[in-house]
Structure formats: C-alpha cells, structure tokens
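Remarks on the structure that follows.
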Amino acid sequence: MVRTFREHHTRRTELLDGPWDFVKDPLNIGVQDKWYNRFPHPSQSVYVPSCWNNELGLYEYEGIGWYRKTIHIENTHNIRLIFHAVLGHSDVYLDGQHLGYHYGGYTPFEFIVPSMAAGEHELVIRTNSTLDRVTIPTEQVDWFHYGGIIRSVELQHLPDLYIEQLKIAYELKGTAAAVSVHIQLRSFLQTAHTTKLAFSEGGQELHSEEVQIEAGQTLSHTFKLLLPEVRLWNIGRPELYTFQLRTEEDDKIERTGFRHIETKDHRILINGAPVYLKGVNRHEEHPEWGFAFPPKLMHKELSILLELGCNSVRGSHYPQSPYWLDLLDEHGIVFWSEIPIWGAFLPNETVSEPLFQERALTMIEEMIGLHVHHPSVVFWSVHNEIDTRTQEAFAFTQALVERVKTLDTSRLIAYATMHPLEDIVMPLFDVIGINKYLGWYEGEVSGFEGLLEQFHKRAEQLGAGDKVVLMTEFGGAGLFGDVGWEPRLFSEDYQAYIVTEALRIFKNDPKIGGTYIWQFADIRGDLKSSSKHFRDRARSFNNKGLVNEYRKPKQSFREVRRIYRSWTE
Ligand code: ADA
C-alpha cells in the first residue's frame, strides 16, 4: 500500500513489490554488454522496495545496480508504470527498449506505454547511487549513501481516455472554501470523444459536466465550486476531505484539508491562531531498511512522536513518503518538506553549476507535485546549510524561491542556515531556520542567548526583522546506554543537558516561533576512514537521536517529553 487511502476505485492498479532479480555493476559494463536485453547470470533476488545496502555483502556498496522483473499482462492494455522513488540515476528499459531516464531520489517518475501487448514483458532498471560534486546531495553528506528502489513500483491499467492529473486548490473566505479543480484528461482514441465528468466528496456529487476531447489529445480543464461551510484542518484537529473525480471509465481520488496559513508577530498562524511549533528532525531511515522505511514502522514512529508531545516534524532532508504525510494529515501534525540540498561542506562553486541548479529546480517541482494536497505541509524548504553568505548563494536561492512561488503560494517558504550572523539571503524568505550546535561543535549552550540577540539585530538591519524564526537544528550526541553521575561528552546525560537548556533559552525568546531538535532517531552515517569529515560519529552513526536507531528512548527523550508536554501555547 502506498497511501493510507485508495487513490482509485475504478482504475486497475497493482504493486510490483516483491522479489526482483538484482546484479551489481561496479565496473559499469552493463550498458555496453546490453544487460537490458539479456540480464546477466548469476543474479540475486532482492526485495523491492528496499536499499541494497541492507543485503549481506552489499553493506558498503555505492554504484550501479540493475534490477529485473517479469510482468504479465492479461489483455492488451495501456499501461502506466510508476516508480515511486529510486535513489540517484535511473534508466528504465522495457523489453530491451529504453523508456527513459530520471535523476532524483525521493519523488516518483513514470512512463506510459500505450497498447502494451498481452503476455510476458521484461522490465529492467539500471540505477546508480554514486554521489559526486553536482549530485543532490553531493558526495559530502551526513547520511549513508544508500542505493536502490526505495519505494513501491506500481503498474496501472489505463482506459483509452484517462485522468492524467487532478489538482485541487482553494481560497478560504471565513468558513466557505472557493475551490478550483484543475484536471487533465488524455486520450488514446482515434476519434474525438465526449465524456461525462463527475466530481464528488463523501458520496455527494458537487459538480458534473460533459467535456469533449479530440483524438489523441490532452485536455486541460478547470472548474470552480463554492463549498459554503467547511470544517478546517488544524493541529490536533485534522478535518480531511476526500474528493473523487470520475469519468465514464476512470477515476482519481485526492484527499486534502482546508486551512489558512500566515505569519504575524514572529508566529505561524493556522486559521488565524498562533501556534508554537514543538518539533524534531526526522530522517526516514532505519538500520534494517535504510530509506525504504516500512509503513508499519511509520505508525509506531507517529505514536512515539505523539508521546513526545510534538506538533510538528521537519522532514530532514528530503521529500518523505506520502504514506507518512497521510498519517500526519490524519493526526494534525505540521510538516516541513525540503529537497536534499545538504550544504555544510558544499563548495560554493557547486551552487553556480547549471546542472546542479537544474536538478534543484526539478526537485522543487517534483516535491511540490508530490505533496501539494497534504494539509500537514506548511513549509517548502529550498536548502539546508549552504554558504548563504555569498552572492552565488543569493542568486541560486532567488531562483529556487521564485520557482516555489510559481507552483504554490499557499505555504511558507523556508530554509535552514548555519550562518545566522553573516547570512545575506534572509529577506527572500517567509521563515528563517537556524541550525546551531552550541554546546556540541562550538561554545557553551548558554551562548545561545547572546547569539540570538545578535541575530535579531542583524535580521533587523537586513529588513528581515519581522520574519518567523525557528530553531531548526540543535543538540548533541548521546550514546544509548552511556549514563553516569556526571554529564560527560557523548553520554545520555550531557545530551539531555544540552537539549533541555537550549529549549529553555529558545522558549524564553519571544522572537522564536518553534524548535526542531536534531534529531528524532540515530541514523547511519557516512563515516569513511579516508575522509576528514564526520570523525565524531561513533559506531558510524550520527548519535544525536532522542531515541536510538531502534527507537529506544534515551534520557533526552524523557526530558523533552516533560518539556514539550508542559508547553501549552
Ligand atoms: C547539520 C545538518 C544535519 C546533521 C547535523 C549534525 O546541521 O543539517 O544533517 O549533519 O548538522 O549532526 O552535525
């Protein structure tokens, strides 16, 4: 299951999850040797979705991997193949023909095959997880370089006239919602055709009309409706609406919620009321599954976050599973969504590279396309910790922010900076996120008071003094089980001390609108004996989790639970 609800009742869909043949290609000979025509022997069987690094013998493997699956089509049909997420570069082949290429990692891509003949077909995908200086993320990144097909592969049977897109936007006027429904229909027919459209919610038809579509064409069409009284989605009070669009032969279901987001007096307002965000940073990662995080564990993760008293999650550092966002929608938790530009060691020249920029813009489009209907998403974040002191970063940021604005103006545009006192990009945003590790990488945790004082002055000077400021990262490592009488570095005690002291300081600052602790759970790190980076990652893990990698609570978890639950604003 890819979502918590069905996206189609009429359209036939199936997941191609399960065992696929897999072979690694460390010498990059597969293309030359035409593995897409004849898959090599021997191969091993790997479960999809998964990361290959969770298989024995592939723990450290970064590079090219080929997958194969034989699919059976009962009757000749138009087929849509959706790859919900594949890490890195993907080339897809069907019966030896190249269907196309995609670069990314955490967003879907698809291919349409009209009139696919009945019988057996061979689907092959060549993936490459290698990171370099213009991939996103680049080779210097603080998480493990996993590879593989990390989310489901889906096969859909399309009728000759099918729904290609359904997009629901709205504006609230009090409790009335002015809804604008944008649809795209595509025809494989040889002649013009008229079809009846019906749009409904909860079994009640809201709109119907007939539309004509020319032979072989795509029709874009928008209709508007007014819902006189809607119940609003809010933190902890998640009202959701499930809309269905039907044609004579096809359907598409989208779920959304109605809420209004704005900022005022350094606070985020949801439906006019200020909220203080109590959050954590969450990687969608686990030692047994890597980034192919199973839905069952997401349910458990959600219970732990609710237990902690959180009302928000930062999806560090990439677009997370729609299933996870469905759960957040259903429980009224605010989500921060971002693309995987991880900049702490990003060379400044990289941000001016056209290929890097093009990839970033595509990732923004794909992230918004994927998550746009989720009411839980309040922030679109464009990068994390790039060198925002430079003109290159300013120009790049401007392009990213502009792209977000062309796609969605209903959310807040955000980023996270590690240079709060020198940053020049602040004025471009609605929300500034500060990442600082006082008490861990530098200084004492008490230094946050002085730092924030200076930051607010500087923001004022830059004309950004009225922005919402969130503490998007802070914390320190605590090795699970290492407790003692004194708070030593790397002990659970010291980690709990840093986090609680930082939370106290931030909550006393009226210009801070929320906190995201780094991080929810320990994650596997990118520690290499040959590299100068991440040398403090004991066990090859980033150990700053409030829970360890198996979601067992540390002392910091219990302290934060006490604090977050006591904050009632
Ligand atoms: C950065 C970064 C995180 C993580 C953290 C740390 O702020 O954004 O991904 O690497 O530092 O643990 O040092």
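The values are calculated or read from the model by the stated rules, or taken from the named source; none is laboratory data. Computed from a predicted model, the values in this text were never measured in an experiment. Don't worry about glycine lacking a Cβ; one is built from the backbone with ideal geometry, like all the others, and counts go over all protein chains shown. Only protein heavy atoms, including side chains, enter the accessible area calculation; ligands, DNA and RNA are left aside. Shrake-Rupley method; radii C 1.70, N 1.55, O 1.52, S 1.80 Å.
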Expected 222 nm ellipticity per residue - DSSP helices of 4 or more, -39500 (n - 2.57), all of the chain, to 500:
-6000 deg cm²/dmol
Percent relative contact order of the stretch 161-249, based on C-alpha pairs within less than 8 angstrom and at least six residues apart?
34
Roughly what % antiparallel, to the nearest 5, for the DSSP beta bridges in the stretch 276-566?
10
Normalising by the residue count of the stretch 7-160, find the relative contact order in percent from Cα pairs under 8 Å and 6+ residues apart.
34
Please sort through the DSSP H helices of the chain and keep those with an alpha-carbon extent of at least 30 Å along the long axis and a Kyte-Doolittle average not below 0.0.
none
Net charge over other residues, Cβ less than 10 angstrom from the Cβ of Asn53 (K, R count +1; D, E count -1):
-2
Linear extension gain, Lys173 paired with Phe5, 0.36 nm per residue minus alpha-carbon span:
57.6 nm
To check you understand DSSP bridge types, tell me what percent of the beta bridges within the chain (both residues inside) are antiparallel, rounded to 5.
75
Could you give me the percent of Cα pairs per 10 Å distance bin for the stretch 469-569, shortest bin first, beginning at zero and ending with the bin that holds the maximum distance?
16, 45, 29, 9, 1
Could you compute the net charge surrounding Tyr516? Neighbours are other residues with a C-beta less than 13 Å from the C-beta of Tyr516; K and R count +1, D and E count -1.
+3
Can you give me the relative contact order of the chain as a percent, contacts being Cα pairs under 8 Å and 6 or more apart?
12
With every protein chain present, what accessible area does Glu122 have (1.4 Å probe, heavy atoms only), rounded to the nearest 10 Å²?
40
The rounded separation in angstrom of the Cα centers of the stretch 349-376 and the stretch 424-502 is 27
Whole-Hz couplings from phi, Karplus 6.51/-1.76/1.60, listed for the stretch 85-90; x for Gly and Pro
5, 10, 6, x, 8, 10
What is the Cα radius of gyration of the stretch 276-566 over 2.2 N^0.38 Å, N being its residue count?
0.95
Whole percent per 20 Å bin, from 0 to the bin with the longest distance: what is P(r) over all C-alpha pairs of the chain?
20, 53, 25, 2, 0
Kirkwood hydrodynamic radius, computed over distinct alpha-carbon pairs, for the stretch 161-249: how many Å, to one decimal?
14.3
State in Å² the accessible area per residue of the stretch 1-135; use a 1.4 Å probe, count heavy atoms of protein chains only, and round to the nearest integer.
47
Which whole-number percent of Cα pairs in the stretch 267-359 have a distance greater than 21 Å?
44
Net charge of Cβ neighbours under 14 Å - reference Ala118; Lys, Arg +1; Asp, Glu -1:
-3
Given the convex hull over the Cα atoms of the stretch 12-158, what projected area results after averaging over all orientations, in nm²?
8.6
Expected vector for the stretch 335-351, Karplus 3J(HN,Hα) from phi with 6.51, -1.76, 1.60 and θ = phi - 60°, integer Hz, x for Gly and Pro, equals 10, 10, 10, 9, 9, x, 7, 10, x, 3, 10, 7, x, 4, 4, 4, 5
